[in-house]
Amino acid sequence: MKKIFAVLLASMMAATALVGCGGSSESSTAANSNASGSGASGSGASASSDLFGDEDNITLKVWAPDKAVSTFEKECEAFKALYPDKKIDITVVAQTEKDAATNLLNDASAAADVFGFASDQLNKLVNAKVISKVAFADEVKARDTAEAVSAATMNDTLYAYPETGDNGYYLVYDKSVVSDEQAGRFEDVLEACKAGGKKFIMNAGDGFYACVFTFTGGLKIDGLEDDGLTQKFTDYDEAEVVSTLQAFSKLIHDYKGTFQSLSIDAISSGFTQKSCGAGIDGSWNTVADKEALGDNFGAAKLPTIDVNGEAKQMISMLGYKFIGVNAATKFPRSAQILANYLTGEECQRERATELGWGPSNQTVNGEEVVTGSAVLTAIAEQGKFAVPQVNMSQTFWDPYANLGNKLIADDTDPSNADFFKQLLTDTIANVRDE
């Protein structure tokens with residue numbers, strides 16, 4: 001059966017590659033018609049229906065972020081319309097990418113057939129053998145960026161369909177509170193927010209953001225050890241990292257009341273309520289932030305912070321979002337075809353337009369929807385100062401969340417270098433589970 005499936009996939013790859021997300025553009029429809037050789041269009045059956053084999057009466061569940069459910073539902077309806085000769089039922093369920101791996105491992109048989117997840121979870125899914133290999137690997141490698149493909153690959157095998165290339169964060173600010181010039185220095189951002197009676201919001205108690213505190217000082221992750229489980233770190237100057245931690249802690253304590261460690265969802269609501277002046281947010285909240293700020297919407301890479309008289313660029317984490325196929329799905333062919341479709345050029349373009357997501361697709365990356373986006377430009381600029389969110393130990397997050405919480409705690413003394421030296425030592429040991 002696997003050999004037959006492989007032959008069918010190879011023979012029909014070109015047709016599937018040209019299927020558009022909604023079949024709405026003339027170029028998409030024409031290309032699909034030419035490829036199928038059957039006069040198929042967005043409203044007719046595609047010759048690639050043969051890829052389904054004998055799978056019919058197909059029932060699939062898709063996991064998507066809650067803010068993207070309606071877009072995914074629309075895309076799944078367009079997918080179904082391409083195959084009127086197939087009975088396909090697709091249910092889209094809200095599920096955050098960060099929890100996908102955990103929930104899949106809890107009960108793969110009850111989980112989604114097609115699911116979105118963050119790039120750091122790949123090794124966990126592969127090691128547990130709950131994710132299927134990508135059936136359309138050649139097609140994915142041709143259309144997506146080399147970096148995204150590399151991040152979705154383990155042991156020379158592609159295990160996931162790249163969905164975005166912007167899973168990072170940037171500085172978002174109210175231009176009536178923080179000027180573009182002030183956005184370049186953390187000190188100036190906090191001072192502007194304080195002067196305007198506004199909050200600066202960062203989720204310092206989440207390891208995804210708290211990693212900035214050590215990364216900026218020179219301690220960064222460097223893949224996994226040979227056991228595939230233990231986190232490696234780059235070489236670092238302990239005194240430099242400690243000084244950087246102290247600088248962050250002192251600045252945050254100096255602006256106590258202005259700096260608020262809250263969920264990033266509080267940023268857009270804060271903008272709406274006129275209580276937030278700036279924050280560290282991701283592209284997944286672009287729509288809400290823009291709606292709240294209107295013409296005062298500002299976006300930039302993360303600012304610098306002064307450490308012993310030196311302006312240090314804040315170093316962040318940048319990852320990818322993928323779509324995977326559950327190894328336990330009852331409809332493996334259908335799930336692969338749907339996953340390939342949802343990560344294709346047209347669907348990535350649609351989500352970039354409607355949701356502000358940064359694509360991994362090479363073609364869409366060069367289009368106005370990306371190049372003209374202040375958010376995606378800011379994330380791309382920050383990407384020059386970011387550590388890839390790949391090959392990560394699952395033990396990374398909690399110790400870094402603890403580091404962030406202790407760094408900003410009211411009873412922490414920023415001048416106590418010994419405290420931060422011990423905190424750094426303990427964080428590394430706990431990440432490495434030593």
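Structural remarks
- Considering residues of the range 144-177 that are of a type in the set (D, E) and more than 19 Å from K98 (Cβ to Cβ) only, the residue farthest from the chain's Cα centre (by Cα): D174
- The sole residue among A135, A152 that is over 14 Å from N326 (Cβ atoms), surrounded by 19 or more Cβ atoms within 10 Å (Cβ to Cβ) and modelled with pLDDT of 95 or more is A152.
- P162, sole failed condition from (1) in a helix (DSSP H, G or I); (2) crowded, with 21+ Cβ neighbours inside 10 Å; (3) outside the structural domain of G279 (by TED's automatic domain parsing): (1)
- Of the residues N361, N326, N308, N340, the single one that is at pLDDT 95 or above, of a type in the set (S, T, N, Q), outside the structural domain of D56 (by TED's automatic domain parsing) and farther than 24 Å from D206 by Cα is N308.
- Selection status of V364, more than 23 Å from S150 (Cα to Cα), β-branched (V, I, T), in contact with a helix residue (DSSP H, G or I) (Cβ under 6 Å, 6 or more places away or on another chain) and in a helix (DSSP H, G or I): no
- Selection from the range 196-237 of residues that are surrounded by 14 or more Cβ atoms within 10 Å (Cβ to Cβ), over 18 Å from S316 (Cα atoms) and of a type outside the set (K, R): G196, L224, G228, L229, T230
Results for (1) surrounded by 24 or more Cβ atoms within 10 Å (Cβ to Cβ); (2) within 27 Å of K290 (Cα to Cα); (3) not assigned by TED's automatic domain parsing to the domain that holds G228; (4) not aromatic (F, W, Y), shown as yes or no for each residue.
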position	(1), (2), (3), (4)
P84	no, no, yes, yes
K98	no, yes, yes, yes
Q121	yes, no, yes, yes
Y173	yes, yes, no, no
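- Considering the range 61-80, the residues that are more than 21 Å from T329 (Cα to Cα) and in contact (Cβ under 8 Å) with a residue 40 or more places away in the chain include one that is farthest from the chain's Cα centre (by Cα), namely A78.
- At least 2 residues being surrounded by 18 or more Cβ atoms within 10 Å (Cβ to Cβ) and small (G, A, S) is the threshold, and among the helices (runs of 4 or more DSSP H) wholly inside the range 368-434 those reaching it are 374-382, 397-408.
- Breaking point among (1) part of a helix (DSSP H, G or I); (2) farther than 22 Å from N57 by Cβ; (3) aromatic (F, W, Y), for F117: (1)
- Candidate set: the range 351-360, residues that are outside any helix (DSSP H, G or I) and out of contact with any strand residue (DSSP E or B) (no Cβ under 6 Å at 6 or more places or on another chain); chosen: the one surrounded by the fewest Cβ atoms within 10 Å (Cβ to Cβ): G356
The values are calculated or read from the model by the stated rules, or taken from the named source; none is laboratory data. The model shown is predicted, which means the values in this text are computed figures rather than measured ones. So basically every Cβ, Gly included, is an ideal-geometry build from the backbone, and we count neighbours across all protein chains shown.
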